[in-house]
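The values are calculated or read from the model by the stated rules, or taken from the named source; none is laboratory data. Computed from a prediction, not measured in an experiment: that's the story for all the values here. Glycine also receives a Cβ, built like all others from the backbone with ideal geometry; neighbour counts cover every protein chain displayed.
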Amino acid sequence: MVFVWHAGEEADLVGSRYMVAFPVVPLDRVQAMFNIDMIGRNRDDRSLEQNTVYVIGADRISTDLHNALIETNRGLASPMALNFEFNDPADVDSFYTRSDHYSYASTGIPVAFFFCGTHDDYHANSDSADRILYPKLLRVADLIYRVGFRVADRLENLERDRLGPRAGRDFSGSLPKPGG
């Protein structure tokens, strides 16, 4: 596992684009890229979203990655509510194309962007640590950790079937394997 902290997302993804252009490991050895951003709050500070995490892109390049996410989440003692609303290609915010994971996806690397939505403090200096919901942050981080090791422990590579987005609004199930 390689952990990378990119800089310059708001400046045209300069950090992640640099990493893809000058990788520390060959890109053909990278199984997946997980992007983690803003996982400690609820979308629009909605109290009903204490258990919700938005996932973007996990199905677009690899059905295997999406299914690993779903199966890992199902195996948790208290599964998260996975919401794929922002994975919709018609999403007006286009989160899929404007965050660091997109630099990797553009090279064919399977990605999953974990995000808990925007709020009034999004990209503002009022977004301070005292607003973080630490129990939620820990639950989301635990899910990501478990999915990451599930992918890392696989005997075979994730299949890159490139079937595009299929897990849009209100979808939380495993996707059928291509041809199956």
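Regarding Ser62, is this residue of a type in the set (S, T, N, Q) and over 20 Å from Met33 (Cβ atoms)?
When the stated conditions are applied, Ser62 does not pass them.
Could you say which residue among Asp88, Asp121, Asp127 is modelled with pLDDT of 90 or more and surrounded by 13 or more Cβ atoms within 10 Å (Cβ to Cβ)? Full working, then the answer.
Details: Asp121 fails: modelled with pLDDT of 90 or more; Asp127 fails: modelled with pLDDT of 90 or more.
None of the others qualify; the one that does is Asp88.
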Say we look at segment 1-44 and pick out the residues that are over 16 Å from the mean Cα position of the chain (by Cα) and among the aromatic types (Phe, Trp, Tyr); which of these is surrounded by the most Cβ atoms within 10 Å (Cβ to Cβ)? Tyr18
Checked pairs for segment 134-146, first part of a helix (DSSP H, G or I), second of a type in the set (Ser, Thr, Tyr), C-beta under 7 Å and 6 or more apart or across chains, list as Leu143/Thr72; Arg146/Thr72
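For segment 1-98, please list each of the strands (runs of 3 or more DSSP E) lying entirely inside it that holds at least 1 residues being touching a Gly at 6+ places or on another chain (Cβ under 8 Å) and under 21 Å from Leu137 (Cα atoms).
Those strands (runs of 3 or more DSSP E) span 33-37, 52-56.
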Out of curiosity, is Ser47 among the hydroxyl-bearing types (Ser, Thr, Tyr) and either surrounded by 17 or more Cβ atoms within 10 Å (Cβ to Cβ) or within 24 Å of Ser62 (Cβ to Cβ) (or both)? no
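Restricted to segment 106-115, and to residues that are surrounded by fewer than 23 Cβ atoms within 10 Å (Cβ to Cβ), not polar (S, T, N, Q) and not in a strand (DSSP E or B), which residue is nearest to the chain's Cα centre (by Cα)? Quick ask: steps written out before the conclusion?
First, the residues of segment 106-115 that are surrounded by fewer than 23 Cβ atoms within 10 Å (Cβ to Cβ): 106-109, 115.
Remaining after also requiring not polar (S, T, N, Q): 108-109, 115.
When the remaining residues are screened for being not in a strand (DSSP E or B), the result is 108-109.
Numbers: Gly108: 15, Ile109: 13 Å.
It comes out as Ile109.
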Collect the residues in segment 33-61 that are of a type in the set (Asp, Glu) and within 30 Å of Gly108 (Cβ to Cβ), keeping them in residue-number order. Asp37, Asp59
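Within segment 119-170, count every residue that is within 30 Å of Asp28 (Cβ to Cβ) and out of contact with any Pro (no Cβ under 9 Å at 6 or more places or on another chain). Reasoning before the result, please.
Taking segment 119-170 as the starting set, the residues that turn out to be within 30 Å of Asp28 (Cβ to Cβ) are 140-168.
Checking the rest, the ones that are also out of contact with any Pro (no Cβ under 9 Å at 6 or more places or on another chain) come to 140-142, 144-150, 152-157, 162, 166-167.
Going through segment 119-170 one residue at a time, the tally reaches 19.
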For segment 138-153, give me the residue count where each residue is surrounded by 15 or more Cβ atoms within 10 Å (Cβ to Cβ) and either under 9 Å from Gly40 (Cα atoms) or of a type outside the set (A, V, I, L, M, F, W, C) (or both). 5
